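This report refers to the structure that appears directly beneath it.
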Amino acid sequence: MTRSTFSRARWVRNRVSAMSLAGLTGRLLLLTGAALDSAIPQTVKYGVASLAARGAFALWRTGRENAVANMSHVLGRPVEDPETSALAKKSMENYGWYLADFLGWLRITPERLQRRVREFHGEEHLTEALQAGKGAIFVSGHFGLWDLGGAMLAQRFPVLIPVDTFSNGALDWVVGRVRQRLGFDTVPVERGLRAMLRQLQANGVVGLLFDRPMEGRGVPVTFFGSKAFLPVGPAALALRTGAPLVMCQCRRGEDNGLSVTVYPPVYAVRSDDEERDLQVVMQVLTDTLEEIIRSCPEQWYMFRPMWLRPLSVAEPPARRM
């Protein structure tokens, strides 16, 4: 055996061992977390999550400042306004509840999910979108419990979601198993394009989140009266395939029930100006997301800088008519 062959064999063996260790650790974390989740009363679980989120808001300076700056645009109030800070803190607390729910989803069944859903509006819109036989692109933002909105769709249609791979192998294993339990097919984002094209060709559904800020590298849109840059992926995929885009949001209610809404399809129209075509489609999606966030801003979880700079007391926000 040559030195290079031996080195490659050792690399493969170490890689397999690392994967096995990650899977073993992931299984242990999953079983422990699921057991604890089923044993702890819901009120206690959410109470602990609230305390942890408030601690994170106090100690995580970058996340706190980004959340407050983003909320100032949403509310049209300066960053110094107490309501801006209060809603930013509530957003982080709600995200803590979202994380607290996550392991519980391992035990979810279609029946349990249906019992938790109090309202489900607009299923006919996704049915309409699939009638042309080109599939549909389900889009959402980091709002509410977007995974459960996708899970409701996955009970009715095949849903594929491209996902990032976590550097922590055990965490990646756990998250993958929970997503499988919710009914999604997943593919690593680096191999996502071919898989998404096949899914749409089979008249299936592809799920994408699109509100991650791109810091000047994405398509420019007007979002709460200011310029933001969002990923161009949903619009580019729609223009390439002819698949309509369908927004879906899943909101947590006061009784911890869910309200799921599917919005009418958005059809991408191709012209001789591709850049403009992409911008037009993304602006339509952004307008719908803005409407959703306005209705319940404390359920939008965005701890990255969405806009270039926050509002100050001397600079009131621009408003669209």
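The values are calculated or read from the model by the stated rules, or taken from the named source; none is laboratory data. A quick note: this is a predicted structure, and the numbers were derived from the prediction, not measured. Ideal geometry is used to build each Cβ from the backbone, glycine not excepted, and the neighbour counts take in all protein chains shown.
Restrict the check to segment 234-242 and report whether at least one residue is within 22 Å of THR127 (Cβ to Cβ), buried (at least 20 other Cβ atoms within 10 Å of the Cβ) and more than 16 Å from the chain's Cα centre (by Cα).
yes
Considering only segment 138-151, I want to know if a residue exists there that is crowded, with 22+ Cβ neighbours inside 10 Å and touching a Pro at 6+ places or on another chain (Cβ under 6 Å).
Within segment 138-151, one or more residues are crowded, with 22+ Cβ neighbours inside 10 Å and touching a Pro at 6+ places or on another chain (Cβ under 6 Å).
Of all residues being in a helix (DSSP H, G or I) and β-branched (Val, Ile, Thr) in segment 172-192, which is surrounded by the fewest Cβ atoms within 10 Å (Cβ to Cβ)? Just the residue, please.
That would be VAL189.
For the condition without any contact (Cβ under 8 Å) to a residue 24 or more places away in the chain and not β-branched (Val, Ile, Thr), what is the one hit in GLU111, GLU93?
Going through GLU111, GLU93 in turn, the sole match is GLU111.
Among residues belonging to segment 193-212 that are touching a helix residue (DSSP H, G or I) at 6+ places or on another chain (Cβ under 9 Å) and not aliphatic (A, V, I, L, M), point out the one that is surrounded by the fewest Cβ atoms within 10 Å (Cβ to Cβ).
It comes out as GLN201.
Name the one entry in GLU119, GLU111 that is outside any strand (DSSP E or B), more than 14 Å from the chain's Cα centre (by Cα) and either farther than 30 Å from GLY76 by Cα or of a type outside the set (Ser, Thr, Tyr) (or both).
GLU111
Yes/no per residue for (1) among the small types (Gly, Ala, Ser); (2) farther than 30 Å from ALA53 by Cβ; (3) at pLDDT 95 or above:
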position	(1), (2), (3)
LEU237	no, yes, yes
PRO265	no, yes, yes
THR286	no, no, yes
SER312	yes, no, no
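Do we find that GLY144 is touching a residue at least 24 places away in the same chain (Cβ under 8 Å) and touching a Lys or Arg at 6+ places or on another chain (Cβ under 7 Å) in this structure?
yes
Please specify each residue of segment 61-90 satisfying the condition of being touching a residue at least 60 places away in the same chain (Cβ under 8 Å) and part of a loop (DSSP other than H, G, I, E, B).
GLY76, ARG77, PRO78, VAL79, GLU80
Take segment 124-171 and flag every residue that is assigned to a helix (DSSP H, G or I), more than 17 Å from the chain's Cα centre (by Cα) and under 23 Å from GLN283 (Cα atoms).
Selection gives HIS125, LEU126, GLU128, ALA129, LEU130.
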